[in-house]
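K.L.:
Input: one structure, supplied below.
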Amino acid sequence: MRGPRPQRLPEPYCRPPDRPRPVPRGGRRDTGSATVWMLTLCFVLLSVAATVMVVAGVRADRHRAAAAADLAALAGARHLARGEEPACAAARATAEANGAELTRCRGASDLSLHVSTRVRARLWPATVAAHARAGPQRTQWVAPP
């Protein structure tokens, strides 16, 4: 029977300072590189997901602005026969009821109403605008012979 084994010091202390560090199994010294790659991959995936969320949110806000403009133009065109002032008041009330701000309202000579609305984007510090027209269809009318 041999005597008790001598207690070994941890790896950094048992090697003389002039000897190079031993090469780990597999022959490569890139231990820990998987952590860096995984962190990079997580950062890229998080950036892509955030970009997709912002773009989808702005796109949804654009649809909200377009719907508010369409409804405001239709509501205003209904009152256009009484004048531009009542038509724009009705368009403004409808736009505000849909969470939009009416930025432009004018009646045209062809009995149509042109409105522009603006909506604040929810996921981006900006506004989204839309334009709509309501009135008779634009065609070239030719008198029958």
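The values are calculated or read from the model by the stated rules, or taken from the named source; none is laboratory data. Given the structure is predicted, the values throughout are model-derived calculations rather than measurements. Quick reminder, even Gly has a Cβ in these numbers, built from the backbone with ideal geometry, and neighbours come from all protein chains shown.
K.L.:
Can you tell me which residue among R59, R78 is basic (K, R), under 29 Å from A126 (Cα atoms) and without any contact (Cβ under 8 Å) to a residue 40 or more places away in the chain?
P.N.:
Result of the check over R59, R78: R59.
K.L.:
Exactly one condition in (1) within 22 Å of the chain's Cα centre (by Cα); (2) at positive phi is not met by A66; state its number.
P.N.:
Condition not satisfied by A66: (2).
K.L.:
Identify, please: which residue in segment 90-104 is surrounded by fewer than 16 Cβ atoms within 10 Å (Cβ to Cβ) and small (G, A, S) and is, among those, farthest from the chain's Cα centre (by Cα)?
P.N.:
Among those that are surrounded by fewer than 16 Cβ atoms within 10 Å (Cβ to Cβ) and small (G, A, S), it is A93.
K.L.:
So L45 passes all but one of these: (1) closer than 29 Å to A130 by Cα; (2) exposed (fewer than 12 other Cβ atoms within 10 Å of the Cβ); (3) at pLDDT 95 or above. Which condition number does it fail?
P.N.:
(1)
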